[in-house]
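Below is one structure, written out as structure tokens; the observations come after it.
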Amino acid sequence: MANHKSSIKRIRQDEKRRLHNRYYAKTMRNAVKKLRATTDKAEAIAMYPKVQKILDKLAKRNIIHKNKAANLKSKLAVHITKLA
């Protein structure tokens, strides 16, 4: 166990941030999954900007890598284009 006040505080902060990041990463994965499961093109087009905003925000805050966000946005755009 940590002996310094600062390291005890750092452990508390790290745990709080870890849970915060996990929550938003999971929310993002669920949003992407929901969009991929959509078969209606109009609905998918309406959902895409919201998912894109989530991805950009997480990439900006380093919860996910910026290239991962770019790859997911690209794949989702292709998915929407392929819908009938």
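The values are calculated or read from the model by the stated rules, or taken from the named source; none is laboratory data. Note that the structure is predicted; figures quoted are calculated from it, not measured. Note that we place each Cβ from the backbone using ideal geometry, even for glycine, and neighbour counts take in every protein chain shown. What goes into the accessible areas is simple: the full protein's heavy atoms, side chains included, and nothing from ligands, DNA or RNA. Shrake-Rupley method; radii C 1.70, N 1.55, O 1.52, S 1.80 Å.
Only Cα pairs under 8 Å and 6+ residues apart enter the sum, and on that basis the relative contact order of the range 21-84 stands at 41 percent.
Using the Cα centre of the chain as origin and beta-carbon charges of +1 (Lys, Arg) and -1 (Asp, Glu), tell me which of I8, L58, V32 is placed farthest towards the positive end of the dipole. Checking the options against the dipole of the chain, the answer is I8.
For the chain, the per residue solvent-accessible surface stands at 79 Å², with DNA, RNA and ligands left out and a 1.4 Å probe. Here the accessible area of the range 1-70 is 54 percent carbon and sulfur, with a 1.4 angstrom probe and all protein chains present. Tally Lys/Arg at +1 and Asp/Glu at -1 over every other residue whose Cβ is under 12 Å from the Cβ of R17; what's the total? After counting each charged neighbour, the total is +4. For the chain, state what percent of all Cα-Cα pairs lands in each successive 10 Å bin, counting from 0 Å until the bin that includes the largest distance. Each 10 Å bin holds this share of Cα pairs: 17, 38, 22, 12, 7, 3, 0. Electrostatic tally near K66: other residues with Cβ closer than 12 Å to its Cβ, Lys and Arg +1, Asp and Glu -1, net +4.
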